[in-house]
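Encoded as structure tokens, the structure appears first; notes follow it.
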Amino acid sequence: MTVRLFNHVYKLGQLFVVLITTFLFSGVVSAQTAAEEEQAITGAMEAMDAFMLGFNARDPEAWAASLNYPHVRFASGTVTVWNSADEFADTRAFENLARAGWDHSHWLTRDVVLVSSEKVHIATVFQRFNSSNEVIATYQSLYIVTKVDGHWGTQARSSLAP
């Protein structure tokens, strides 16, 4: 009887050690994941800031540098793919926007909806303004910002904006 009791207590002790080790390890993993997610969100938001700064400056090279490639845009019923920064920088977007009265844009909201250490999905609302700072239009969009070779950049975006 004493041996059976000892074996039972021994097995419970082993189970306790496994449970405690699992609990402690899962806490470390969760903390690392939370830190990685925070770093990813920071990198993605900085990339989106660079996107808007390059866009508003009408600087095609700076705008192109805020992206990762291939870069995909879903808008106006089409899907456009740019394979390189040089290809993207050869844009006519600023001319087309100026014809529509556009002067600059601003983010209204940027809500993280999915995050991993190397990819962040961000639901946005942005507005376009004319030179008198009057709102031309407001659009919802989804940006997929990725980390490629250490560089955070927008890799895909979808909106109803023309």
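The values are calculated or read from the model by the stated rules, or taken from the named source; none is laboratory data. Note that the structure is predicted; figures quoted are calculated from it, not measured. Cβ: placed from backbone, ideal geometry, glycine included. Neighbour counts: every protein chain shown.
Within 20 Å of VAL113 (Cβ to Cβ), surrounded by 17 or more Cβ atoms within 10 Å (Cβ to Cβ) and among the polar types (S, T, N, Q) - does that describe any residue in segment 32-39?
no
Might you let me know whether segment 34-41 holds any residue that is at pLDDT 90 or above, closer than 25 Å to ASN133 by Cα and in a helix (DSSP H, G or I)?
Checked against the condition, which is being at pLDDT 90 or above, closer than 25 Å to ASN133 by Cα and in a helix (DSSP H, G or I), segment 34-41 yields no hits at all.
Looking at VAL81, VAL148, can you tell me which residue is over 24 Å from THR33 (Cα atoms), surrounded by fewer than 16 Cβ atoms within 10 Å (Cβ to Cβ) and at pLDDT 95 or above?
Result: VAL81 is the single residue among VAL81, VAL148 that is over 24 Å from THR33 (Cα atoms), surrounded by fewer than 16 Cβ atoms within 10 Å (Cβ to Cβ) and at pLDDT 95 or above.
Inspect all residues belonging to segment 142-158 and state whether any of them is assigned to a strand (DSSP E or B), over 17 Å from ALA50 (Cα atoms) and either polar (S, T, N, Q) or in contact (Cβ under 8 Å) with a residue 40 or more places away in the chain (or both).
Yes, there is a match, as at least one residue in segment 142-158 is assigned to a strand (DSSP E or B), over 17 Å from ALA50 (Cα atoms) and either polar (S, T, N, Q) or in contact (Cβ under 8 Å) with a residue 40 or more places away in the chain (or both).
Which ones in segment 90-124 are surrounded by 15 or more Cβ atoms within 10 Å (Cβ to Cβ), among the hydrophobic types (A, V, I, L, M, F, W, C) and not in a helix (DSSP H, G or I)?
Those that are surrounded by 15 or more Cβ atoms within 10 Å (Cβ to Cβ), among the hydrophobic types (A, V, I, L, M, F, W, C) and not in a helix (DSSP H, G or I): TRP102, TRP107, VAL112, VAL115, VAL120, ILE122.
Are any residues in segment 40-64 under 24 Å from SER117 (Cα atoms), in contact with a Ser or Thr (Cβ under 9 Å, 6 or more places away or on another chain) and surrounded by 15 or more Cβ atoms within 10 Å (Cβ to Cβ), and if so, which ones?
ALA40, ALA44, ALA47, MET48, ALA50, PHE51, MET52, TRP63, ALA64 - these are the residues of segment 40-64 that are under 24 Å from SER117 (Cα atoms), in contact with a Ser or Thr (Cβ under 9 Å, 6 or more places away or on another chain) and surrounded by 15 or more Cβ atoms within 10 Å (Cβ to Cβ).
Would you be able to say whether some residue in segment 65-77 is surrounded by 14 or more Cβ atoms within 10 Å (Cβ to Cβ), in contact with a helix residue (DSSP H, G or I) (Cβ under 6 Å, 6 or more places away or on another chain) and part of a loop (DSSP other than H, G, I, E, B)?
Checked segment 65-77: at least one residue is surrounded by 14 or more Cβ atoms within 10 Å (Cβ to Cβ), in contact with a helix residue (DSSP H, G or I) (Cβ under 6 Å, 6 or more places away or on another chain) and part of a loop (DSSP other than H, G, I, E, B).
Filter segment 125-134 for residues that are surrounded by fewer than 13 Cβ atoms within 10 Å (Cβ to Cβ) and either assigned to a strand (DSSP E or B) or in contact with a strand residue (DSSP E or B) (Cβ under 9 Å, 6 or more places away or on another chain) (or both) and give the result.
Across segment 125-134, the qualifying residues are SER131, ASN133.
Identify the single condition in (1) touching a Phe, Trp or Tyr at 6+ places or on another chain (Cβ under 6 Å); (2) closer than 18 Å to GLU118 by Cα; (3) not hydroxyl-bearing (Ser, Thr, Tyr) that ASN68 does not satisfy, given that it satisfies every other one.
Checking ASN68 against (1) touching a Phe, Trp or Tyr at 6+ places or on another chain (Cβ under 6 Å); (2) closer than 18 Å to GLU118 by Cα; (3) not hydroxyl-bearing (Ser, Thr, Tyr), the one that fails is (1).
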